[in-house]
Amino acid sequence: MDDFCATDFPLHVVLVQPQIPPNTGNIARTCAATRTPLHLIGPLGFELSDRYLKRAGLDYWPHVIWRTYPNWQGFVSTNTQSPGRWLAFTSQGQTGLWDFQFQPGDWLFFGSETTGLPDFCLTACHTQLRIPMRSAGVRSLNLSVSVAVGLFEAQRQIAH
């Protein structure tokens, strides 16, 4: 876990109450590859020492910039003074990912695999985004895929 200043990074990934260790491990690897801080808000559905979490993150954990918070209140009290918009990714989002303009300082919020983002988080976020699905029979993607899609699109836009 690194001590870092939030303003030193153009984007942040926030997982709210993740439940499945391999998903979080894969997301950690994506964050390491993109040098994006990962924020884990509890309660978590696993122990941080979980072997599946470590296996999914492979040997990239030393390269992950990350913080954990015991709960939503701990996250809010630490980060409310940080500049930037809080963006909720939800299958119920009003704005499609491709129609949104990301900017440096954005925080990308993703909920648990089983319940998505809780109402208190959706209310706190500035905007609710959705990843468009072409098939009506598919309501959402795997959490680690959703984070990768959202993060890489935000990075693509900011780079241009």
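The values are calculated or read from the model by the stated rules, or taken from the named source; none is laboratory data. As the structure is a prediction and not an experimental result, all values here were calculated from the model. Please note: Cβ atoms are built from the backbone with ideal geometry, for glycine as well, and neighbour counts cover all protein chains shown. Protein only, heavy atoms only, side chains kept; ligands, DNA and RNA dropped before computing areas. Shrake-Rupley method; radii C 1.70, N 1.55, O 1.52, S 1.80 Å.
Comparing Trp72, Gly96, Phe110 along the charge dipole axis of the range 43-115, the residue lying farthest to the positive side is Trp72, per the Cβ-charge model.
Return the carbon/sulfur percentage of the accessible area of the chain, one whole number, probe 1.4 Å, all protein chains in place.
Numbers: 4190 of 8260 Å².
Carbon and sulfur: 51 percent of the exposed surface of the chain.
Net charge dipole, the range 37-129: roughly 180 debye, given to the nearest 20, about the Cα centre with Cβ charges of +1 for Lys and Arg and -1 for Asp and Glu. Using only side-chain charges placed at the Cβ, +1 for Lys and Arg and -1 for Asp and Glu, the dipole size of the chain relative to its Cα centre rounds to 340 debye.
The residues of the chain expose on average 52 square angstrom of accessible surface per residue, using a 1.4 Å probe on protein heavy atoms. Each Cα pair under 8 Å and six or more residues apart adds its sequence gap; the mean of these over the residue count of the chain is a relative contact order of 27 percent.
Here the Kirkwood formula puts the hydrodynamic radius of the chain at 15.7 Å, using every distinct Cα pair. Distances between placed amide hydrogens fall under 5 Å for Gly105 paired with Leu11, all partners being 5 or more residues away or on another chain.
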